[in-house]
1. When only residues in segment 426-449 that are outside any strand (DSSP E or B) and among the β-branched types (Val, Ile, Thr) count, which is nearest to SER256 (Cα to Cα)?
2. For TYR115, work out the one condition from (1) within 30 Å of VAL187 (Cβ to Cβ); (2) surrounded by fewer than 16 Cβ atoms within 10 Å (Cβ to Cβ) it doesn't fulfil.
3. What residue, of VAL439, VAL476, is over 30 Å from ASP327 (Cα atoms), over 20 Å from the mean Cα position of the chain (by Cα) and in contact (Cβ under 8 Å) with a residue 60 or more places away in the chain?
4. In segment 152-170, is there at least one residue being modelled with pLDDT under 90, exposed (fewer than 13 other Cβ atoms within 10 Å of the Cβ) and not assigned by TED's automatic domain parsing to the domain that holds ALA449?
5. Looking at VAL56, VAL51, VAL60, which one is surrounded by 13 or more Cβ atoms within 10 Å (Cβ to Cβ) and farther than 30 Å from ASP417 by Cβ?
6. Which ones in segment 214-249 are closer than 16 Å to PHE409 by Cβ, surrounded by fewer than 21 Cβ atoms within 10 Å (Cβ to Cβ) and modelled with pLDDT of 75 or more?
7. Working only within segment 121-130, note down all residues that are surrounded by 13 or more Cβ atoms within 10 Å (Cβ to Cβ) and either assigned by TED's automatic domain parsing to the domain that holds MET415 or out of contact with any Lys or Arg (no Cβ under 6 Å at 6 or more places or on another chain) (or both).
8. Among the residues of segment 394-409 satisfying the criterion of being assigned to a helix (DSSP H, G or I) and either aromatic (Phe, Trp, Tyr) or not assigned by TED's automatic domain parsing to the domain that holds VAL309 (or both), which is farthest from HIS350 (Cα to Cα)?
Amino acid sequence: MAKEESKENKISIYGIIRIILFLVLVVISSILYYSVLKTGMLPNKYIALLVVVLLVINLVVGLFIKAKKKWLNVIGFILLIIFSGAFSVGTSYINKTMKILENFVSQNEERTTYYVLTRKGVYTDISELDGKVVGILNQEADLLKEELDKKAKLEYKEYASMGDLLYGLELNEIDAIVVSSTIYEYVTEENVDLKELLEKIDEVDVVGKSSEITSNIDVGNSFLVYISGLDTRDTSAVAPYGLSDVNIVVAVNPDSHRVLLVHIPRDYYVYVYNRPQMKDKLTHAGLYGIESSIKTVANIFDINIDTYVKVNFKALTTIVDSIDGIDVYSDTDFQSSHIKTWHVNKGMNHMDGAKALAYSRERYAYATGDRHRGQNQNDVIQAIISKVSQSPNYLMKYDQILNSMQPYFTTNFEMNDVQQLIKEQVDKMAKWKVESISVNGSNGSNYTASWPNQLTYVMIPNQSTIDTAKAKISEVMRS
């Protein structure tokens, strides 16, 4: 009698364990379904298919677990462990991916480091500037003043360009100037004598909102994206202001599944938005903010840009290092002007992040200058895509790669636009046709609005290449 009761108890406990384990699978399956549904990226037909698959799996596993034969129970337990693990991993990856995407599109703060500069030997500390007049650029005024006022009681004079700012210091109109680290590095590269004349006595960090320009994408219709690659020198984040060394207009047509990339040389000599007094290099538009770059580029082609993506060059070094370097073919043998100890051989070269960035920025080694740099940038991008796509190891750690990029990337893409675009692609699984063209020009030398007192290299736009690009953009948008 006691043996029979013990046997019944064992059967009862065994039955309870089977029920609990099966319920665990049901719960994990439900969480997976909810996570997929929450992404908003899967078309209804695939949602329905997922529901059917999950129901079938749960039913089959349940039947095996409930079976009277122990060997069927064992198979059921094995299947339960496999599917529970797979569903848990899938849910984890889905949630991580959504979190990464949300971080990318919700990045709404940008940090800039500013240097307080005086004539060498005149002042040694910002406190000595109490009551003195400090020059700043007018587009950076409000938030910068707030931070500076925490350190000293200053008077301010605003200037429209870096050239005017330095000229004011030279004429003793002001006692010091405050400029971003990016602008300082740029002007001292352009004029090495300035490094000997200026002395940094302090620095401040300013954190402000990203541009409040809203995205105008209407998912399902053609749209235009502006990509700005900022050479900010400040490698810790995406700054509001910096040289826009990469300028690409991307025309996207979701109906015909065509993408057109239009590359614009950084030294294009054009009127920068809101600075009609004198032409400037296109790259300088980034010194006045993303809106300036967007509207300057839009004016070149007489178009309306719907959304933008802004990337700090540091993102390139981060990506390349995260995939253990890339191999790039160079058609020229040269000594790098950015890494003095690095010699680039004609042929294949293995590059870490720093070398890939230096190679992408190289222009002095080529007779065609900035034109060849654009080709180098394309080669580096293709090398990254090739390496990632050919190695499952890097695809498996995509979340680490994307997370490492996040601080160096801002956009005004809306999350629901991203979800709808992915959903459309998953639904149609269309093969996209990607084309790439560049506008061109001739070498020249002229004064610029940002540096009005010094002749500098510029590229005089070739209007026929601009007209060709305009026609091509129109064709892709309407096709």
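1. Our first condition is that a residue be outside any strand (DSSP E or B); within segment 426-449, this holds for 426-432, 439-440, 447-449.
Adding the requirement that they be among the β-branched types (Val, Ile, Thr) leaves 426, 439, 448.
Numbers: VAL426: 15, VAL439: 24, THR448: 41 Å.
Among residues in segment 426-449 that are outside any strand (DSSP E or B) and among the β-branched types (Val, Ile, Thr), the one nearest to SER256 (Cα to Cα) is VAL426.
2. Going through the list (1) within 30 Å of VAL187 (Cβ to Cβ); (2) surrounded by fewer than 16 Cβ atoms within 10 Å (Cβ to Cβ), TYR115 breaks only (2).
3. Details: VAL439 fails: over 30 Å from ASP327 (Cα atoms).
Answer to the check: VAL476.
4. Yes, that holds for at least one residue.
5. Working: VAL56 fails: surrounded by 13 or more Cβ atoms within 10 Å (Cβ to Cβ); VAL51 fails: farther than 30 Å from ASP417 by Cβ.
After applying the criteria, what remains is VAL60.
6. Matches in segment 214-249: SER215, VAL225, ILE227, ILE248.
7. So the first thing to find is which residues in segment 121-130 are surrounded by 13 or more Cβ atoms within 10 Å (Cβ to Cβ), and the list is 123, 126, 128-129.
Passing the criteria: TYR123, GLU128, LEU129.
8. Filtering segment 394-409 down to residues assigned to a helix (DSSP H, G or I) leaves 394-396, 398-408.
If we keep only those that are either aromatic (Phe, Trp, Tyr) or not assigned by TED's automatic domain parsing to the domain that holds VAL309 (or both) as well, we get 394, 398, 408.
On the way: TYR394: 18, TYR398: 22, TYR408: 24 Å.
The extreme case among them is TYR408.
The values are calculated or read from the model by the stated rules, or taken from the named source; none is laboratory data. From a predicted model like this one, the values you see are computed outputs, not experimental measurements. No Cβ is skipped: glycine too gets one built from the backbone with ideal geometry, and neighbour counts run over all protein chains shown.
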